[in-house]
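These notes concern the structure reproduced below.
The values are calculated or read from the model by the stated rules, or taken from the named source; none is laboratory data. Just so you know, these numbers come straight off a predicted model, no measurement behind them. All Cβ positions, even for glycine, are placed from backbone atoms using ideal geometry, and neighbour counts span all protein chains on display. What goes into the accessible areas is simple: the full protein's heavy atoms, side chains included, and nothing from ligands, DNA or RNA. Shrake-Rupley method; radii C 1.70, N 1.55, O 1.52, S 1.80 Å.
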Amino acid sequence: MAPLARAAQRVGAAAGDLAPIVAVIAFFQIVVLQQPFPNLVEVLGGLLCVVVGLALFVEGLESGLFPLGEALAHAFARKGSVVALLCFAFCLGFGTTVAEPALIAVAGEAGAIAAEAGVIADTDAARAGYAFNLRMVVALSVGVAIVLGVFRILKGWPVHWLIISGYVLVTVMTVFAPAEIVGVAYDSGGVTTSTITVPLVTALGVGLAASIRGRNPLVDGFGLIAFASLTPMVFVLLYGIVA
């Protein structure tokens, strides 16, 4: 497919994906609230940027991140070193989570709210330290999650039993954790599965399952993201209980 035709197809697909959201917002703004759009020109310009950005993002995933993750998984499978594979899995989970823009934003906001609530000192250093510690705890938890997920693929363990056990543990820990940390812990499970972590981790799981004889990429290759959402809740709750 010619580059221009491919680009047009990507932009059209992105516009189609955003159309329901735009329709809902327009309906409530015009019909329910009965108010004109504020700064309509700026809104339309921003919407155009979103469409183009989404098209570029999807193209980048399919042409760059997904093939890279699958190639790395195949290479580690051929190498045959479980230790090297697990070390890579931990570093991948930790590194991608530290770089997550959503986690950076949420950790910073959590530090500011904690200072306002009197949980920590209301200083720049205390807020920055709180946000940094929270990011490190979440990143460490995702690293452990990816290691656990990769080990599950290697052993062929059913994913649902691990997930059910994890959420039972989260429920029990919630009872003992400070109330101030519970909401942050639950939100930390969502912000880790965002634009950077998901593509690479998914590609790693699918590529690894496809490289191991007896593993089904559809059955065994997915599930790593579930671990990446679960373990931050456990680690942040534990961090709140201990700290």
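Per-structure values
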item: Cα centroid separation - region 126-169 against region 67-82, whole Å; result: 21
item: For region 218-230, 3J(HN,Hα) per residue [Karplus equation, 6.51 cos²θ - 1.76 cosθ + 1.60, θ = phi - 60°, Hz, x = Gly/Pro]; result: 6, 7, 9, x, 9, x, 5, 5, 4, 5, 5, 8, 7
item: Percent RCO, i.e. relative contact order, over the chain, from Cα pairs under 8 Å lying at least 6 residues apart; result: 25
item: Additional length obtainable on full extension of the chain from residue 22 to residue 161, 0.36 nm per residue less Cα span; result: 46.1 nm
item: Solvent-accessible ranking of 123, 192, 171, largest area first, probe 1.4 Å; result: 171, 123, 192
item: Extreme residue, positive dipole direction of the chain, given options 130, 167, 52 (C-beta unit charges); result: 167
item: Dipole of region 1-123, positive end: most advanced residue of 65, 98, 16 [Cβ charges, Cα centre]; result: 65
item: Å² per residue, accessible surface of region 140-233 at 1.4 Å; result: 44
item: Residue 242-residue 31 pseudo-label distance in nm [points 7 Å out on the Cα-to-Cβ vector]; result: 5.3
item: Nearest-20 debye value, the chain charge dipole, Cβ charges on Lys, Arg, Asp, Glu; result: 1040
item: Label-point separation in nm, residue 171 to residue 4, each point 7 Å along Cα→Cβ; result: 5.9
item: Per-selection Kirkwood Rh - region 1-160 (Cα, Å, 1 d.p.); result: 20.1
item: Two-decimal ratio, region 143-243, of alpha-carbon radius of gyration to 2.2 N^0.38 Å; result: 1.14
item: Inter-label distance, nm, simple model (7 Å from Cα along the C-beta direction), residue 62/residue 43; result: 3.1
